[in-house]
Structures are given as structure tokens and as C-alpha cells.
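Right, one structure below, let's go through it.
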Amino acid sequence: MKRTAVIAFLALVATVSTTPADAAPPLIDTARGDKMIAEYFSRETARLRDRCLADVKSLDDWQAKRQVYRKQLLEMLGLDPMPQRTDLKATITGKVDHEKFTVEKLHFQSRPKLYVTANLYVPKGVTKRLPAILYVCGHGGVKKKGISYGNKACYQHHGAWFARHGYVCLTIDTLQLGEIEGIHHGTYSAKYAMWWWNNRGYTSAGVEAWNCMRALDYLQTRKEVDPERLGVTGRSGGGAYSWWITATDERIKVAVPVAGITDLENHVVTGCVEGHCDCMFMVNTYGWDYPMVAALIAPRPLLLSNTDRDGIFPLDGVVRTYSRVRRIYELYGAKEKLGLLITSGPHKDTQQLRVPAFHWFNKYLKGEDPPIDVPAERLFQPEQLKVFAELPSDSINADIQETFTEASAPPKPPTSAAEWAKARDGWRKALLEKSFRGWPRQAGPLDLKRVFSAERQGLRLSAYDFTSQASIRLRLYLVEPVGSASPEAVVMNVLDKQGWTEWLASMRPAFETELKDETLPKADPKAFETVRTWIEKRKCAAVFVAPRGIGPTAWNQKERKQTHHRRRFMLLGQTLDGMRVWDVRRAVQAVRSLDTLKDVPLVLESKRQIAGVTLYASLFEPNIARLELDDLPTTHRGGPIFLNVRRYLDMPEAVAMAAERWPVTISQTDLTGWEYPTAVGKKLGWEAGRLTIRSKGR
């Protein structure tokens with residue numbers, strides 16, 4: 001194939017575009033995309049729901065899988081491998097006295113310089129070891145004049161009740177709302193937009209789970225505590241953290257999570273994800289529904305508590321979760337150890353929820369069940385419970401997301417072909433198992449259908465619809481010279497939002513009638529003439545395709561909806577970019593299924609972040625003639641976003657993997673960032689032109 005046939009086509013169109021860069025974009029009709037993505041989320045949620053615990057037919061089945069599932073959960077929380085249990089450096093900074101108990105104000109370091117502030121409620125007159133409760137707080141921050149007193153001040157009434165009734169209670173602050181404020185909202189809030197958390201397999205839920213584990217370590221050092229009688233409770237966010245610690249740490253013997261769990265249907269389909277920050281979710285690599293988390297607690301005593309009008313933990317999902325996990329308790333012959341408490345009310349910390357929780361702990365941690373006649377009430381001012389007079393200067397709480405899960409180190413160039421093959425195969429395996437596990441197991445039929453074909457000014461424009469996966473129907477456009485023989489090459493352009501607008505502008509002068517279903521920008525006659533001349537002279541065909549959520553399938557453009565749709569993908573064990581890789585693969589297959597193009601050299605071309613999507617698609621499809629990538633990011637930090645990818649590799653390694661298969665040309669202003677694939681090529685003796693890094697415009 002002639003090299004001139006594959007000059008970067010998209011760059012050419014963008015260069016000649018006469019549409020002002022600051023022109024107001026047309027309003028996009030998203031009805032089609034909104035319907036499509038809603039159907040997709042519903043279908044994918046049902047798929048994960050139906051397989052949740054479906055393979056467990058007996059207690060032997062469950063026990064054979066239980067440790068595997070526990071290891072998976074630890075991994076999805078960023079805790080596999082488990083961090084080192086370093087010195088807690090526990091420090092008591094002061095005490096508050098009550099006639100029946102003492103409150104110790106303390107802090108410990110769950111990892112070096114990762115501080116956890118806490119209050120320890122200890123009954124007076126202790127003569128024997130007592131059961132202990134780890135109380136994990138929900139989102140109830142207390143701030144005065146810019147000073148955070150921690151959510152432990154908001155939830156102090158729980159610790160006080162336990163201490164007045166013969167328990168030691170350790171109430172710990174959370175990362176976001178503690179005295180030293182960190183971040184829970186990395187992907188929840190546009191303020192942060194830290195989508196790279198997904199790349200790193202990081203979730204603030206993992207930090208909370210780890211802090212809970214270290215809190216148990218601390219409790220077991222206390223002479224007042226019976227280390228074999230530990231329980232956990234908390235509401236809202238604290239309810240979720242109760243699930244994480246109980247499912248991952250066998251030291252918890254009794255659990256009462258309050259308003260802290262529901263199922264995927266509520267989160268993804270009903271939309272509860274939009275009311276929850278990242279600390280509520282593991283990175284769902286293995287595609288779990290939430291009853292799986294609850295099942296790991298069996299057969300230990302577990303009371304699910306909720307209100308009947310909770311808007312972010314709806315009753316129907318709580319009941320579904322309870323019903324599924326009940327079967328696991330029944331396999332153990334322990335159904336009496338699983339309880340479901342529903343009281344009247346909204347998402348609120350009420351006495352009606354607290355009293356049954358107290359009964360549950362009395363029964364299963366103390367072996368007694370006396371009447372509850374003392375209410376849980378706040379007894380102290382927030383200032384009395386503050387741990388630090390001055391916050392430590394060495395704290396890493398605000399930046400723990402940078403180090404909690406480790407990114408892979410930049411690899412050294414291989415010393416041999418065998419060493420390279422081992423690294424390459426390991427990366428490919430990691431991508432399939434950890435990043436793209438959410439791809440369909442079976443591709444299914446493309447069901448390729450031609451929508452229209454029209455000829456104008458020497459060009460033929462044809463539109464084809466194809467099925468990427470169930471509920472995802474995409475369109476590709478084929479542009480060919482009229483009356484030509486078989487093209488010398490077909491250049492498939494994978495478009496982002498900007499590229500889609502530029503392409504429509506270039507086609508509108510001739511094909512406005514045929515493109516009536518699209519939201520059309522201002523026509524760009526100069527760009528059309530450039531496209532026409534390029535295709536005719538080079539005897540090429542050009543294909544244009546936009547993956548899901550772009551162009552024909554764009555959904556609601558409001559920032560909040562865009563954000564939470566991306567979070568829905570993560571809850572399903574996917575990412576939007578990861579599923580766009582699948583879309584590009586299916587588009588390649590669709591092009592290859594056209595009789596006139598199946599044997600024609602196929603060039604893949606793309607720009608900016610979507611170039612990274614195209615790059616990864618090329619790793620899993622055969623018979624690509626060449627990749628032309630413009631402004632490909634040198635790292636995944638800003639995108640594309642794939643689950644866990646940075647735990648294993650980064651963009652330069654992916655470029656090396658692609659260049660081993662097909663020639664790759666990268667055009668950019670700064671020529672640095674590709675030293676690794678260049679070194680691999682030298683070691684493996686790649687021919688000239690296998691990897692080309694060139695300045696834009698050349």
C-alpha cells in the first residue's frame with residue numbers, strides 16, 4: 001500500500017476547516033442516545049443481578065468460592081496486596097470525663113502519615129474485658145469558622161450509649177469529614193473530576209476499609225477490650241464502611257449496617273448513584289451485585305437496618321439484597337442470625353433505628369437482652385471532642401489517592417525478545433482480566449444494515465447501522481469516489497465530539513438531506529472540497545464512526561448527567577472509554593464484513609484522547625494496515641480511562657504492543673514521551689517506519 005494513501009485525514013480536514021473555533025455549537029438532540037443508554041444500563045444491571053450467587057447451589061459450593069470472592073473484594077478496594085501493618089503510633093491527646101465513662105481523644109496512623117482521628121468511649125470501673133464496638137461515621141461533618149471537628153462529633157451519641165451500657169466504643173473519623181480533611185468525591189464531583197482513580201483501581205472506600213482494619217488493630221491492644229468480641233455499626237456512609245470491614249475482616253463478630261447498602265438496580269437504574277460519593281463503592285472489576293458483599297459476612301450475626309422512605313437506599317433494593325443473602329445463611333443453618341429491620345421515615349438517624357441495633361449487639365456480643373430505657377443523646381460540645389490542637393504538617397490525608405494504590409513503574413526496555421514477549425503477554429492478560437472484563441463474553445451478530453446511499457459531486461456517502469452489543473446500535477458512514485474500482489485503502493476515522501462536528505461540517509455542503517437525522521453544524525464548503533479531492537486522488541475510501549455517547553448516540557449533555565453516567569459504567573465493572581474500545585473493535589469488524597472492503601488494507605486514524613481508545617482496539621483486532629494517531633496522550637492520567645490499567649501499564653507500553661503488530665505513526669507537537677516503544681523497537685530490530693514519531697504538520 002502506498003504511504004501517501006494514509007496521510008492523516010482528520011488532521012487535514014481540521015486544518016482547512018473554516019468554522020470559527022469559538023462558534024456556538026448547535027443544540028444536540030439526545031433523545032436517541034438517552035433511550036439507548038437507559039436500555040443499556042438496565043440490561044447490564046440485570047445481567048449482573050441474575051448471575052449474583054447463581055452458581056451457589058450448596059454450602060460446599062459457597063465455601064469453595066468464599067475465599068476467592070473475599071480476595072476479589074480486597075482487590076476491588078485496593079487492598080490486594082494488603083498494605084503493610086506499620087506502627088500505629090497511637091497517641092492520646094486528651095480526655096473528657098463523664099460520670100459513667102471517659103472519652104479519650106486519640107489519633108493513630110493507619111499507614112505512615114495517614115492519620116485517623118478518633119474518640120474512644122470507655123466505661124468507668126472496668127474489672128474485666130468488655131466487648132467493643134467500632135462505630136464508623138456517616139457524612140455528618142461538623143465545622144465551625146472553617147475548623148473541622150470531624151464527623152465523630154456528629155455521631156457522638158452512639159459512642160456514649162455503648163459506653164453507658166458496658167461496651168468500649170471507638171468512633172473514628174472518615175477521610176473526607178475528619179479533622180484532617182481528605183477527598184471522597186474524586187469522580188462524584190466535577191470540582192475534582194479525578195477519573196484517573198478508575199485507572200489506578202482506587203476508591204476512597206478502600207481507605208475507609210483499611211482505616212477500619214487498623215482501628216480493630218488498635219482496639220485489640222487495649223486491656224479493656226475482649227479481642228474476640230468485636231462488632232461494627234454505622235449509618236449511611238458508616239453503614240457502607242460496616243459492610244466493607246465485616247466482609248473483609250473476620251475479627252468482626254456482629255454487624256449492624258444502617259442505611260448503607262442497596263443493589264445495583266437502585267444505584268444504576270433507579271439512579272441512587274447520583275446521591276452517593278465514591279466511598280460507597282468498590283471498583284467493580286469482577287462485576288458484582290451488592291448481595292455478594294453481604295454474603296461474605298455469613299454466618300456471623302447481621303442486622304440490615306433501613307427506613308421505608310430512604311431516597312438513597314430505597315426499600316425495594318434493601319429487601320432484594322436481604323432476600324438473596326438469606327439463602328446463604330440458610331445454607332449454614334443460621335437464618336436466625338440474619339435480620340431485616342425496617343422503620344418508618346426518611347434517610348435519617350432515628351431512635352427507632354438505634355434501639356434494635358442495641359438489642360442486636362446485646363444479644364450476640366453479650367448474650368443478654370435487657371430493656372433499652374436510656375436514649376442515645378449528644379452530651380458534649382464538638383470542641384470537647386477535638387483531637388488536635390494543631391493539625392500535623394506531615395499528613396498525607398489530602399493526597400492519599402496518589403499513593404494508596406500503586407501505579408506500575410515505567411518499565412525498562414527488554415533485554416531479549418523472550419523478555420519482551422513475557423511482558424507483552426502479561427499486559428494483554430491484565431487488560432482482558434482487569435480492564436476490559438466488562439466486554440461481552442460473546443460478540444453476537446453485527447446485524448449490519450445499510451440505511452441509505454447517495455451520490456453528490458463525485459462522492460458516494462453510505463450509512464450503515466450495526467450492533468456493538470445488546471442495546472448499543474451505532475452508525476458508520478462510508479465515503480467513496482463515485483465509479484471507482486476497489487479502493488487502494490480504507491481509512492477508518494474514529495471521532496471524538498470535536499471530530500464529529502468537523503466531519504459533519506465538511507459533509508453538509510453536499511449531503512445535508514441525507515444527514516437530516518444528525519444535529520448539523522454550519523456547513524464548511526472548503527473542508528468538503530478538501531475531502532473530495534483527497535479521496536479521489538488517493539483512490540481511498542473513508543469510514544467515519546463515533547463510539548457510544550458521541551454524535552448520533554450522544555446522551556444528555558448536562559455535566560451532572562455525563563458525570564454519573566460515567567460512574568454507572570464503573571458500577572457495572574466497565575468504563576465508558578473501555579466500552580468505546582469495544583465499539584471500535586466492532587466497527588472494524590463491520591467494515592470487514594462489507595464485501596467491497598473486506599480485503600482492502602485498513603488504516604485506523606484518530607485524534608486526542610479517543611486516539612488512545614483506537615490504539616487499544618488495535619491490540620485485539622487482526623489485519624490492521626496502519627495506525628495514524630494525532631496528539632495521543634503520553635499517559636493515562638487524563639484519559640482514556642480504563643479500570644485498573646495503571647496498575648499494570650501506561651500508554652507507551654500500549655504503543656509498543658501495537659507497533660509490534662502494525663506500523664504506528666504518532667503526530668504531536670512535543671516529540672517526547674515515546675522513549676520506551678522506541679527502545680523496544682531497536683532491541684527487537686523493527687524495520688524502518690514501524691514506529692514513527694513526527695511533528696504535527698509534517
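With respect to the numbered conditions (1) surrounded by 21 or more Cβ atoms within 10 Å (Cβ to Cβ); (2) farther than 30 Å from residue 289 by Cα; (3) modelled with pLDDT of 95 or more; (4) of a type outside the set (D, E, K, R), which one is the sole condition not fulfilled by residue 584?
(2)
What pairs can you find where one residue is in the stretch 143-165 and over 19 Å from residue 362 (Cα atoms) and at pLDDT 95 or above, the other is of a type in the set (Phe, Trp, Tyr) and open to solvent by less than 10 Å² (accessible area, probe 1.4 Å), and their Cβ atoms are less than 8 Å apart, with a gap of 6+ or different chains?
Listed pairs, sorted by first residue: 155/135.
From the list 415, 405, pick out the single residue that is surrounded by 17 or more Cβ atoms within 10 Å (Cβ to Cβ), β-branched (Val, Ile, Thr) and part of a loop (DSSP other than H, G, I, E, B). Full working, then the answer.
On the way: 415 fails: surrounded by 17 or more Cβ atoms within 10 Å (Cβ to Cβ).
Result of the check over 415, 405: 405.
Name every residue in the stretch 551-566 that is open to solvent by 10 Å² or more (accessible area, probe 1.4 Å), more than 20 Å from residue 476 (Cα to Cα) and outside any loop (DSSP other than H, G, I, E, B), in order of residue number.
559, 560, 561, 562, 563, 565, 566
Does residue 432 satisfy being open to solvent by 30 Å² or more (accessible area, probe 1.4 Å) and either under 26 Å from residue 278 (Cβ atoms) or not small (Gly, Ala, Ser) (or both)?
The answer is yes for residue 432.
Return yes when residue 71 is under 25 Å from residue 218 (Cα atoms), assigned to a strand (DSSP E or B) and open to solvent by 30 Å² or more (accessible area, probe 1.4 Å) and no when it is not. Spell out the reasoning first.
Values: under 25 Å from residue 218 (Cα atoms): yes; assigned to a strand (DSSP E or B): no; open to solvent by 30 Å² or more (accessible area, probe 1.4 Å): yes.
Judged against the criteria, residue 71 is not a match.
I need a count of the residues in the stretch 611-643 that are part of a strand (DSSP E or B) and either in contact with a Cys (Cβ under 7 Å, 6 or more places away or on another chain) or surrounded by fewer than 24 Cβ atoms within 10 Å (Cβ to Cβ) (or both).
2
Exactly one condition in (1) open to solvent by less than 10 Å² (accessible area, probe 1.4 Å); (2) of a type in the set (Lys, Arg); (3) part of a helix (DSSP H, G or I) is false for residue 548; which is it?
Evaluating residue 548 over (1) open to solvent by less than 10 Å² (accessible area, probe 1.4 Å); (2) of a type in the set (Lys, Arg); (3) part of a helix (DSSP H, G or I) leaves (3) as the failure.
Rundown of residues vs (1) free of Cβ contacts under 8 Å to residues at least 60 places away in the same chain; (2) among the basic types (Lys, Arg), yes/no style:
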position	(1), (2)
462	yes, no
470	no, no
497	yes, yes
508	yes, yes
515	yes, no
518	yes, no
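Any residue in the stretch 20-38 that's modelled with pLDDT under 95: show its pairings with residues that are of a type in the set (Lys, Arg) at Cβ separation under 7 Å, as long as the two are six or more apart or on different chains.
Once the first residue is modelled with pLDDT under 95 and sits in the stretch 20-38, its partners that are of a type in the set (Lys, Arg) give 23/522.
Tell me, please, whether a residue that is aromatic (Phe, Trp, Tyr) and under 24 Å from residue 630 (Cα atoms) can be found in the stretch 505-524.
No.
For the stretch 476-490, does any single residue satisfy the condition of being farther than 21 Å from residue 597 by Cα and among the small types (Gly, Ala, Ser)? Let's see the steps before the verdict.
Here is the first cut: in the stretch 476-490, the residues farther than 21 Å from residue 597 by Cα are none.
There is no residue in the stretch 476-490 that is farther than 21 Å from residue 597 by Cα and among the small types (Gly, Ala, Ser).
Just checking, how many residues over the stretch 475-503 are buried (at least 20 other Cβ atoms within 10 Å of the Cβ), touching an Asp or Glu at 6+ places or on another chain (Cβ under 6 Å) and among the hydrophobic types (A, V, I, L, M, F, W, C)?
Total meeting the criteria: 1.
When the stretch 199-241 is examined, which residues are found to be over 21 Å from the mean Cα position of the chain (by Cα) and among the charged types (D, E, K, R)?
If the condition is that a residue be over 21 Å from the mean Cα position of the chain (by Cα) and among the charged types (D, E, K, R), then 214, 217, 222, 223, 224, 226, 228, 229, 235 are the ones that fit.
From (1) out of contact with any Gly (no Cβ under 7 Å at 6 or more places or on another chain); (2) farther than 25 Å from residue 539 by Cβ, pick out the condition that doesn't hold for residue 595.
If we test residue 595 against (1) out of contact with any Gly (no Cβ under 7 Å at 6 or more places or on another chain); (2) farther than 25 Å from residue 539 by Cβ, just (2) comes out false.
Quick check on the stretch 647-666. Is at least one of its residues among the acidic types (Asp, Glu), open to solvent by 30 Å² or more (accessible area, probe 1.4 Å) and touching a residue at least 24 places away in the same chain (Cβ under 8 Å)?
Within the stretch 647-666 (the criterion being among the acidic types (Asp, Glu), open to solvent by 30 Å² or more (accessible area, probe 1.4 Å) and touching a residue at least 24 places away in the same chain (Cβ under 8 Å)), the answer is yes, since at least one residue qualifies.
Just one of the numbered conditions (1) closer than 20 Å to residue 678 by Cα; (2) of a type in the set (Lys, Arg); (3) in a helix (DSSP H, G or I) is not true of residue 434; which one?
(1)
Just one of the numbered conditions (1) in a helix (DSSP H, G or I); (2) open to solvent by less than 60 Å² (accessible area, probe 1.4 Å); (3) of a type in the set (D, E, K, R); (4) within 30 Å of residue 326 (Cα to Cα) is not true of residue 60; which one?
Going through the list (1) in a helix (DSSP H, G or I); (2) open to solvent by less than 60 Å² (accessible area, probe 1.4 Å); (3) of a type in the set (D, E, K, R); (4) within 30 Å of residue 326 (Cα to Cα), residue 60 breaks only (2).
Please report, ordered by residue number, the strands (runs of 3 or more DSSP E) entirely within the stretch 231-348 with at least 2 residues that are buried (at least 22 other Cβ atoms within 10 Å of the Cβ). Break it down stepwise before answering.
Details: elements: 252-258, 302-307, 338-343.
By residue number, 252-258, 302-307.
Filtering the stretch 527-539 down to residues that are modelled with pLDDT of 90 or more and touching a Pro at 6+ places or on another chain (Cβ under 9 Å), which residue is surrounded by the fewest Cβ atoms within 10 Å (Cβ to Cβ)?
Here the answer is 529.
Name the pairs: first residue in the stretch 373-402 and touching a residue at least 40 places away in the same chain (Cβ under 8 Å) and of a type in the set (Gly, Ala, Ser), second residue open to solvent by 60 Å² or more (accessible area, probe 1.4 Å) and not in a loop (DSSP other than H, G, I, E, B), Cβ to Cβ under 9 Å, at least 6 apart or on different chains?
Close Cβ pairs satisfying both conditions: 389/93.
Determine, yes or no, whether residue 629 is within 23 Å of residue 431 (Cα to Cα), in contact with a Phe, Trp or Tyr (Cβ under 6 Å, 6 or more places away or on another chain) and in contact (Cβ under 8 Å) with a residue 24 or more places away in the chain.
Answer is no for this residue.
Which of the residues belonging to the stretch 111-130 are farther than 13 Å from residue 150 by Cβ and out of contact with any Cys (no Cβ under 9 Å at 6 or more places or on another chain)?
111, 112, 113, 114, 123, 124, 125, 126, 127, 128, 129, 130, listed by residue number.
If I filter the stretch 355-362 for residues that are modelled with pLDDT of 95 or more and among the β-branched types (Val, Ile, Thr), do I get at least one hit?
no
Against the definition (closer than 27 Å to residue 447 by Cβ and either under 22 Å from the mean Cα position of the chain (by Cα) or touching a residue at least 12 places away in the same chain (Cβ under 8 Å) (or both)), how does residue 531 come out, yes or no?
no
Filter the stretch 83-104 down to the residues that are in contact with a Leu (Cβ under 7 Å, 6 or more places away or on another chain) and part of a loop (DSSP other than H, G, I, E, B), then identify the one that is surrounded by the fewest Cβ atoms within 10 Å (Cβ to Cβ).
That would be 98.
The values are calculated or read from the model by the stated rules, or taken from the named source; none is laboratory data. These numbers come from a predicted model, not from an experiment. Note: ideal-geometry Cβ built from the backbone for every residue, glycine included; neighbour counts use all protein chains shown. These accessible areas exclude ligands, DNA and RNA; they are computed on the full protein's heavy atoms, side chains included. Shrake-Rupley method; radii C 1.70, N 1.55, O 1.52, S 1.80 Å.
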